[in-house]
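*Asks:* Below is one structure. I have some questions about it.
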Amino acid sequence: MVAQKEIKKFRNKYGYFTEDGSEYVITNPRTPRPWINVNCNERYGYVVSQTGGGFSWYGNSQLSRLNIWHQDLIRDDYGKYIYVRDNKSKKIWSTTWKPTCVDTNYYEARYGLGYTNFTTVYNGVKTEQLMFVPRKDNCEVWVVKITNLTKQQKDLSFFTFLELCLGNGMDTHREFQKTFIETRIDKNLGAIMGYKRPALVPGFISTGAKDFPLSAFLSLVNRKADAYDGDMETFVGMYGSLKNPKAVVEGRLRPNRNIEKWGDPCFSLQADVKLNAHQTKELVFVLGEMGKQNNATRIIKKYRTKGLVEKELEKVIDFWKHITENSWIDTPDEAMNFLTNKWYRYQAISARMWAKTAYYQCSGGIGFRDQLQDSNCLLESDPRLTRKQILTHAEQQFPDGTVYHWWHPGTGIGAHTEMTDDLLWLAFLSLNYVDETGNTSLFNEKVFFTGKKKEAGTIYDHCCRAIDKVLSRWSKRGLPLIGEGDWNDGMSHVGLNWKGESIWLGHFLYGILTRFNGICEFKKDKKRAQRYRDRARKLKVAINKHGWDGKWYIRATRDNGKPLGSKKERRGKIFLNAQTWAIINGTATPERARIAMKSAYKYLFGKYGPLLFTPGYDKLDPTIGYLSRYAPSVRENGGVYTHAACWGVQAAAIMGDGERAYSAYKKMCPIDRAQQPDTYYGEPYVTPGNVDGPDSEKFGRGGWTWYSGSGAWMQKVAYNWICGIRATREGLVIDPCIPRKWKSFKAKRFYRGSTYYIIVNNPRGVNRGVKKIYLDNKLLSKNIIPPPKKKKSYAVTVIMGK
């Protein structure tokens, strides 16, 4: 039987997508920057690159790492490796391209949702290293499948290697840290154990960094290991290298040596494998967090069970199917389909909500606004995850309504700042959740505030305190004060003296007030509802009186009264968010909305998507903040900041401009950008946080991939605003804003316990406009599907036209 040839989609010089978009296959490891995968559950995980570089963690991806890794995206030479030695020819290679960098006969790194698989063919041997993190256990599994492709017997030895960290991955004082680590061999479990002795004062060490020590193990679970080593010096050799470590060159680990407390700690196991012609064998390794030793014992014994590894992998795959298959789109744009249905959500959950790390941003912490917005893209697939995130963030609010800007869960580490927008995202997501589910019980849920005094409040109370705090920080002109920064952290010095104003925050707050007063009415809190309506009305007047610059809205005023985002400025003349949110939340009059978006199209909507502002600042400015430290057009200093650029797409769709909305989306779409991979740099399957703007010599370069907010908002604008399927309190709105060339598309939408199968036909080739809509063949009076009375499947047919 001839094996079916794999269909390769969106192929470039480094790799391709599989037919259904669920895997990305890298065939050339020399990508422009490391292209990674993030595989984890809620507690344990790893990041791995196409070279085999990366790191593992338990609990906190910055403060509690298992192995040492340094953020060097040029060399990418720290990771967890498996060496292969041919004991006859003495040839050495590895199951991943690094660390040996051998010119193999065949190589691929195959990334799936929840797993990674490396395949190497060299010296007549094929190795397939499958890696994944089980849904419930604090460990990772490596299944190494070895096949002899020749007619001769093969005598091989396999050596694992990782350098132990067992604590704060950002502390570079290695010689100090290693003195607290000891390794031990347990032959009965076929494992090597590593422990880091805790500090007497929990969390603190003399380097000034906080440390949360771990214990870990590595075991060969499907057979006995032939040798063990826990010492870098004996494995690598003095002045040796990871490319040709001494132990692998010699073909043996120091026989069963137990180095305990006095070595340079690492984990290495040796497994000798003899293969007859065309024979295949497997090695199964488990690396994990030990906790108490009985946890290691339990996990090791569990994964010795025949067939258990396959079952655990199936659970991982099934989880991601649940997330990706509850709601999907099937449009003429296959790139949009792949990313919207699968990879954007995967990025949001795996890298940002769970791992809180990747290769660029390795924080390990939760940002108050960040992970809330990441959870926004899960409402169509599993709103329970969004609700859980809302409750997690509410716990980080102080009784006065202020919040931690970011924090490391369970550590006592956090930043209680004067950022002024963070507070409002709790209400924003709570409103979205209720629109999606109709479940107002969220507002009755009680959550403790943070701080010394134990005080609890309902989510409704938490939201009200946040809104009231922002309303208390008010200028004499009737505008919100910007403080230490609003959405743009880099505007860190605009309002430190509490005089600078934020026009963008005014737009955002206006939308919160107008939406939340309906919740106040529902809660019979009529005085508050009326107060919020009055404040919203006055705020809209103030924005249009003081924020309009003639052809667009200014972004803010400094403490000294000087505007940001004005035609009078030499740099930073026009800002995107000040225009888009005027449209999104309706603070602009229809005429000003048209003029503001026309200006945004002219000055900001560029070759690689909408710029955050232009031109970027070319000098350090103490009245603006740290964004002026960046080179012009880099990150928040006038680059394409994906998070905000998505709001440009949304605003264009609201204005009914389907061509511009779709064009802006396509200019940012990572699959399309990666058709020129050496210009783009980033992975084709996830979004970057930013793309360099026109002032940069690297114009178009994607940076900080797997970034918070970016993938989530790309998913939202594709599904909710281009395809136009979104939840409201009234029901499910169907309002596509598409390119004229789309004659039809399909979608599946999970909504309030029911499933809707939607067909949209566009016979006249319009951008926007629903002429007729049928629910189970019954004509509806408007393009809003009412909340379902029964949980079942529904058929929806939409006819676009004018």
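The values are calculated or read from the model by the stated rules, or taken from the named source; none is laboratory data. No experiment lies behind these values; they were computed from the predicted model shown. Methodologically, a virtual Cβ is constructed for each residue, glycine included, from the backbone with ideal geometry; neighbour enumeration extends over all protein chains shown. What goes into the accessible areas is simple: the full protein's heavy atoms, side chains included, and nothing from ligands, DNA or RNA. Shrake-Rupley method; radii C 1.70, N 1.55, O 1.52, S 1.80 Å.
*Asks:* Got a sec? Which of Val541, Val494 is part of a loop (DSSP other than H, G, I, E, B) and of a type outside the set (D, E, K, R)?
*Replies:* Val494
*Asks:* Also, I was wondering about something else. Can you give me the ranges of the strands (runs of 3 or more DSSP E) entirely in region 681-798 with at least 3 residues that are closer than 30 Å to Asp489 by Cβ?
*Replies:* 688-691, 702-705
*Asks:* Within region 33-42, is there a residue that is among the polar types (S, T, N, Q), assigned to a strand (DSSP E or B) and buried (at least 23 other Cβ atoms within 10 Å of the Cβ)? Spell out the reasoning first.
*Replies:* Taking region 33-42 first, the residues among the polar types (S, T, N, Q) are 37, 39, 41.
If we keep only those that are assigned to a strand (DSSP E or B) too, we end up with 37, 39.
Going one step further and asking which of them are buried (at least 23 other Cβ atoms within 10 Å of the Cβ), we end up with 37, 39.
Yes, some residue in region 33-42 is among the polar types (S, T, N, Q), assigned to a strand (DSSP E or B) and buried (at least 23 other Cβ atoms within 10 Å of the Cβ).
*Asks:* For Glu140, only one of the following conditions fails: (1) touching a helix residue (DSSP H, G or I) at 6+ places or on another chain (Cβ under 6 Å); (2) acidic (Asp, Glu); (3) closer than 29 Å to Cys101 by Cβ. What is its number?
*Replies:* So the condition that Glu140 fails would be (1).
*Asks:* Suppose we keep only residues that are among the aliphatic types (A, V, I, L, M) and assigned to a loop (DSSP other than H, G, I, E, B) within region 98-136. Which one would you say is nearest to the chain's Cα centre (by Cα)?
*Replies:* Among those that are among the aliphatic types (A, V, I, L, M) and assigned to a loop (DSSP other than H, G, I, E, B), it is Leu113.
*Asks:* Just one of Asp549, Asp534 is surrounded by 20 or more Cβ atoms within 10 Å (Cβ to Cβ), more than 35 Å from the chain's Cα centre (by Cα) and of a type outside the set (Val, Ile, Thr); which is it?
*Replies:* Exactly one of Asp549, Asp534 is surrounded by 20 or more Cβ atoms within 10 Å (Cβ to Cβ), more than 35 Å from the chain's Cα centre (by Cα) and of a type outside the set (Val, Ile, Thr), namely Asp549.
*Asks:* Just for region 43-76: of the residues that are aliphatic (A, V, I, L, M) and open to solvent by less than 10 Å² (accessible area, probe 1.4 Å), which one is farthest from the chain's Cα centre (by Cα)?
*Replies:* This residue is Leu66.
*Asks:* Let me ask something else. Go through region 273-324 and count every residue that is closer than 26 Å to Ile146 by Cβ, touching a Lys or Arg at 6+ places or on another chain (Cβ under 9 Å) and among the acidic types (Asp, Glu).
*Replies:* Residues that pass the stated criteria total 2.
*Asks:* Collect the residues in region 58-85 that are among the basic types (Lys, Arg) and touching a Cys at 6+ places or on another chain (Cβ under 6 Å), keeping them in residue-number order. Please lay out each step first, then the result.
*Replies:* Just the residues of region 58-85 that are among the basic types (Lys, Arg), to begin with: 65, 75, 80, 85.
Arg65, the sole residue that qualifies.
*Asks:* Restricting attention to region 630-640, does a residue exist that is in a strand (DSSP E or B) and more than 28 Å from Trp474 (Cα to Cα)?
*Replies:* Yes: one or more hits.
*Asks:* A further question on this structure: Any residue at all in region 394-410 that's assigned to a helix (DSSP H, G or I), buried (at least 19 other Cβ atoms within 10 Å of the Cβ) and in contact (Cβ under 8 Å) with a residue 24 or more places away in the chain? Please lay out each step first, then the result.
*Replies:* Initial filter on region 394-410 (assigned to a helix (DSSP H, G or I)): 394.
Right, trim to buried (at least 19 other Cβ atoms within 10 Å of the Cβ) and you get 394.
Checking which are in contact (Cβ under 8 Å) with a residue 24 or more places away in the chain leaves us with 394.
Scanning region 394-410 turns up at least one residue that is assigned to a helix (DSSP H, G or I), buried (at least 19 other Cβ atoms within 10 Å of the Cβ) and in contact (Cβ under 8 Å) with a residue 24 or more places away in the chain.
*Asks:* Can you pull out the residues in region 321-348 that are open to solvent by 40 Å² or more (accessible area, probe 1.4 Å) and part of a helix (DSSP H, G or I)?
*Replies:* Once the filter is applied, which keeps residues that are open to solvent by 40 Å² or more (accessible area, probe 1.4 Å) and part of a helix (DSSP H, G or I), region 321-348 yields Lys321, His322, Glu325, Glu334.
*Asks:* Could you list all residues from region 72-119 that are of a type in the set (A, V, I, L, M) and free of Cβ contacts under 8 Å to residues at least 60 places away in the same chain?
*Replies:* Going through region 72-119, the residues of a type in the set (A, V, I, L, M) turn out to be 73-74, 82, 84, 92, 102, 109, 113.
Matches in region 72-119: Ile74, Val102.
*Asks:* For region 299-330, give me each residue that is out of contact with any strand residue (DSSP E or B) (no Cβ under 9 Å at 6 or more places or on another chain), of a type in the set (A, V, I, L, M, F, W, C) and under 30 Å from Pro736 (Cα atoms).
*Replies:* Selection gives Phe319, Ile323.
*Asks:* Only one of Tyr195, Tyr239 is more than 23 Å from Thr280 (Cβ to Cβ) and assigned to a loop (DSSP other than H, G, I, E, B); which?
*Replies:* Result: Tyr239 is the single residue among Tyr195, Tyr239 that is more than 23 Å from Thr280 (Cβ to Cβ) and assigned to a loop (DSSP other than H, G, I, E, B).
*Asks:* Let me ask you something else. Only residues that are open to solvent by 20 Å² or more (accessible area, probe 1.4 Å), closer than 23 Å to Ala536 by Cα and in contact with a Ser or Thr (Cβ under 8 Å, 6 or more places away or on another chain): list them for region 433-480, please.
*Replies:* Once the filter is applied, which keeps residues that are open to solvent by 20 Å² or more (accessible area, probe 1.4 Å), closer than 23 Å to Ala536 by Cα and in contact with a Ser or Thr (Cβ under 8 Å, 6 or more places away or on another chain), region 433-480 yields Asp435, Lys469, Arg473.
*Asks:* Which one of the conditions (1) of a type outside the set (Lys, Arg); (2) at pLDDT 95 or above; (3) under 28 Å from Cys362 (Cα atoms); (4) out of contact with any helix residue (DSSP H, G or I) (no Cβ under 7 Å at 6 or more places or on another chain) does Asp468 fail to meet, given that it meets all the rest?
*Replies:* Among (1) of a type outside the set (Lys, Arg); (2) at pLDDT 95 or above; (3) under 28 Å from Cys362 (Cα atoms); (4) out of contact with any helix residue (DSSP H, G or I) (no Cβ under 7 Å at 6 or more places or on another chain), the lone unmet condition for Asp468 is (3).
*Asks:* Out of all the residues in region 169-179, is one or more under 33 Å from the mean Cα position of the chain (by Cα), within 19 Å of Glu312 (Cβ to Cβ) and open to solvent by 10 Å² or more (accessible area, probe 1.4 Å)?
*Replies:* So far as region 169-179 goes, no, none of its residues is under 33 Å from the mean Cα position of the chain (by Cα), within 19 Å of Glu312 (Cβ to Cβ) and open to solvent by 10 Å² or more (accessible area, probe 1.4 Å).
*Asks:* I've got another one for you. If a residue has to be open to solvent by less than 10 Å² (accessible area, probe 1.4 Å) and touching a Leu at 6+ places or on another chain (Cβ under 9 Å) to count, how many in region 125-143 make the cut?
*Replies:* Residues that pass the stated criteria total 7.
*Asks:* Residues in region 278-320 that are assigned to a helix (DSSP H, G or I), modelled with pLDDT of 95 or more and of a type in the set (A, V, I, L, M): how many?
*Replies:* 7
*Asks:* Also, I was wondering about something else. Pairs please, first residue from region 672-696 and over 25 Å from Phe575 (Cα atoms), second anywhere and hydroxyl-bearing (Ser, Thr, Tyr) and open to solvent by 10 Å² or more (accessible area, probe 1.4 Å), Cβ atoms under 6 Å, 6+ apart in sequence or on different chains.
*Replies:* So the pair list comes out as Pro677/Tyr14.
*Asks:* While we're looking at this one, here's another question. Applying the selection to region 441-462, what residues are touching a residue at least 24 places away in the same chain (Cβ under 8 Å) and part of a helix (DSSP H, G or I)?
*Replies:* Scanning region 441-462 gives Leu442, Phe443, Ile459, Tyr460, His462.
*Asks:* Cβ-Cβ below 8 Å, separation at least six or inter-chain, first residue in region 596-624 and in contact (Cβ under 8 Å) with a residue 12 or more places away in the chain and under 15 Å from Gly693 (Cβ atoms), second among the β-branched types (Val, Ile, Thr) and open to solvent by 20 Å² or more (accessible area, probe 1.4 Å): which pairs?
*Replies:* Within 8 Å, the pairs are Tyr603/Thr614; Leu604/Thr614; Gly616/Val634.
*Asks:* From the list Ala644, Ala661, Ala631, which one is open to solvent by 50 Å² or more (accessible area, probe 1.4 Å) and small (Gly, Ala, Ser)?
*Replies:* Unique residue meeting the criteria: Ala631.
*Asks:* If you go through region 600-628 one residue at a time, how many are within 30 Å of Glu659 (Cα to Cα), open to solvent by less than 10 Å² (accessible area, probe 1.4 Å) and not in a strand (DSSP E or B)?
*Replies:* Final tally of qualifying residues: 4.
*Asks:* Consider Arg352 carefully, then state whether it is within 23 Å of Phe750 (Cα to Cα), of a type in the set (Lys, Arg) and either out of contact with any Lys or Arg (no Cβ under 7 Å at 6 or more places or on another chain) or open to solvent by 30 Å² or more (accessible area, probe 1.4 Å) (or both).
*Replies:* No.
*Asks:* State yes or no: is Leu442 under 24 Å from the mean Cα position of the chain (by Cα) and not polar (S, T, N, Q)?
*Replies:* No: the conditions fail for Leu442.
*Asks:* Restricted to region 261-308, and to residues that are closer than 16 Å to Asp155 by Cβ and of a type in the set (D, E, K, R), which residue is surrounded by the fewest Cβ atoms within 10 Å (Cβ to Cβ)? Break it down stepwise before answering.
*Replies:* To start, the set of residues in region 261-308 that are closer than 16 Å to Asp155 by Cβ comprises 270-281, 283.
Adding the requirement that they be of a type in the set (D, E, K, R) leaves 272, 274, 281.
Numbers: Asp272: 15, Lys274: 12, Lys281: 17.
This residue is Lys274.
*Asks:* Residue by residue through region 144-158, note down the ones that are closer than 30 Å to Trp354 by Cβ and either of a type in the set (Ser, Thr, Tyr) or surrounded by fewer than 20 Cβ atoms within 10 Å (Cβ to Cβ) (or both).
*Replies:* Result: Lys145, single match.
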